[in-house]
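Everything below concerns the one structure shown next.
No lab work stands behind these numbers, since they all come straight from the coordinates. All figures in this text were calculated on a predicted structure; none of them were measured in a lab. Please note: Cβ atoms are built from the backbone with ideal geometry, for glycine as well, and neighbour counts cover all protein chains shown.
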Amino acid sequence: MSPRAVLVGPPGAGKTTVGGLLAEALGVGFRDVDADIEAAAGKPIPEIFFDDGEDHFRALEREAVASALASFDGVLALGGGAVLAPATRELLAGHTVVYLSVELSDAVSRVGLGAGRPLLAINPRATLKYLLDQRRPLYEEVATVTVVTDGRGPEEITAELVAKL
Ligand SMILES: Nc1ncnc2c1ncn2[C@@H]1O[C@H](COP(=O)(O)OP(=O)(O)O)[C@@H](O)[C@H]1O
Ligand SMILES: O=C(O)C1=C[C@@H](OP(=O)(O)O)[C@@H](O)[C@H](O)C1
Ligand SMILES: [Mg+2]
């Protein structure tokens, strides 16, 4: 079993939003790995980071991604940092992986003050710039389809994806 599409990209790319719309358009289920992690941990992501640390979050994330890739056939949204793990990048090989790209200014306006995103709690703009520069090559490495999201609404992006997939 393999997801119909796996969405990757930085925070604010619209993985969660477009993922839900895409699943609806394709008539398949939608799953967000961040929600799986929260269910496994029994608490919201900011609390996992605060109580247990980022390393623990990343371990839960690797397990949740591996499990979803093996058992889910709908549209799967990953968290923005899931591609940091080499093991996860290897697991993504052979899947339909959609990179929702976004430049700094749109990402900043979409995430606002970073509520619910612990990595962005302090100085979201500077942190997002760092994350975008660090991760862009990793998203490009795993992607089989890329969609530019800057200046475009979720419905338009979804329509492009339906045509491409
Ligand atoms: N294409 C878009 N244009 C404008 N706002 C968007 C777009 N995609 C998502 N958003 C908004 O940006 C915020 C972050 O979107 P989200 O789907 O959570 O991104 P991600 O899961 O990639 O971090 C949400 O408030 C969402 O409504
Ligand atoms: O970029 C990251 O490292 C993270 C992104 C978040 O998901 P979104 O990309 O959906 O915001 C979430 O997984 C967690 O806060 C860590
Ligand atoms: Mg998300």
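Numbers for the structure displayed
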{"item": "Burial ordering of V6, V162, fewest other beta-carbon atoms within 10 Å first", "result": "V162, V6"}
{"item": "Percent RCO, i.e. relative contact order, over the chain, from Cα pairs under 8 Å lying at least 6 residues apart", "result": "35 percent"}
{"item": "Likely footprinting exposure, H56, H95, fewest C-beta neighbours within 10 Å first", "result": "H56, H95"}
{"item": "Karplus (6.51, -1.76, 1.60) ³J(HN,Hα), θ = phi - 60°, over the range 117-125, in Hz, Gly and Pro reported as x", "result": "10, x, 5, 9, 5, 10, 6, x, 5"}
{"item": "Student exercise, the range 5-164 dipole from Lys, Arg, Asp, Glu Cβ charges, in Debye to nearest 20", "result": "280 debye"}
{"item": "Gyration tensor verdict on the range 103-165 (Cα atoms; rounded if a/c is under 1.5, prolate if a/b is larger than b/c, oblate otherwise)", "result": "oblate"}
{"item": "Dipole-positive endmost among L92, I45, T158 within the chain (Cβ charges, Cα centre)", "result": "T158"}
{"item": "Mean residue ellipticity (222 nm) of the chain, computed from DSSP H runs ≥ 4 via -39,500 (n - 2.57), nearest 500", "result": "-17000 deg cm²/dmol"}
{"item": "FRET efficiency, V148 to A25 (Cβ-Cβ, R0 25 Å, nearest 0.05)", "result": "0.85"}
{"item": "Under 18 Å from the E47 label point (7 Å along Cα→beta-carbon), backbone N, the range 114-129", "result": "115-119"}
{"item": "Under the Debye formula (equal points on every Cα, no solvent term), log10 I(q)/I(0) of the range 5-164 at q = 0.09, 0.10, 0.17, 0.18 Å⁻¹", "result": "-0.26, -0.32, -1.01, -1.15"}
